[in-house]
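These notes are about the structure you will find just below.
The values are calculated or read from the model by the stated rules, or taken from the named source; none is laboratory data. Just so we're clear, the structure is a prediction, and the values are computed from it rather than from any experiment. Heads up, the Cβs are rebuilt from the backbone with ideal geometry, glycines too, and the neighbour counts pull from every protein chain shown.
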Amino acid sequence: MVSAFGRRAGGVLAIVVLVAAPRLALAQENAPPTLSIPSSHARIGFERIRFPGDGPRVGVVGTSYLIDVGGVRGLALGPAVYGAISGDHGGFFSLGGEVAWRRRLVGPVGVELGLYAGGGGGGGAPPPA
């Protein structure tokens, strides 16, 4: 059973892929054949989330490995995993994919927008709605 948020997140992820795919194909057609290794980065972060309904706040630590997409400046995608480390849902984990867009503003200051879509479970997973 997929939540309404899951359906919306999946729809947004599909739109991002559909918008980026033609640009990637065009970039590949115009470029000479070369072997290049895309840049990538791993990151670890902490977030506090609230499960649907009146659930308590849960602290999750997440890690992702994002690979830059050639032909689309600032876009990266890759796998991600999140696990509960505080709150009443110890044992909860989620595995999925993440898409991120980064833009440097001034010097080391920049902005990043991201979207995560995935599913999970575990000993502390909230019951289905």
Open item on the list: Scan the range 61-71 and tell me whether some residue there is closer than 18 Å to PHE51 by Cβ and in a strand (DSSP E or B).
Closed with: yes
Open item on the list: Between a residue in the range 33-49 that is farther than 18 Å from GLU112 by Cβ and of a type in the set (Lys, Arg) and any residue that is at pLDDT 90 or above and in a strand (DSSP E or B), which pairs come within a Cβ distance under 9 Å, given they are 6 or more apart or on different chains?
Closed with: ARG48/GLY59; ARG48/VAL60
Open item on the list: Can you confirm whether ARG73 is among the charged types (D, E, K, R) and in contact with a strand residue (DSSP E or B) (Cβ under 8 Å, 6 or more places away or on another chain)?
Closed with: no
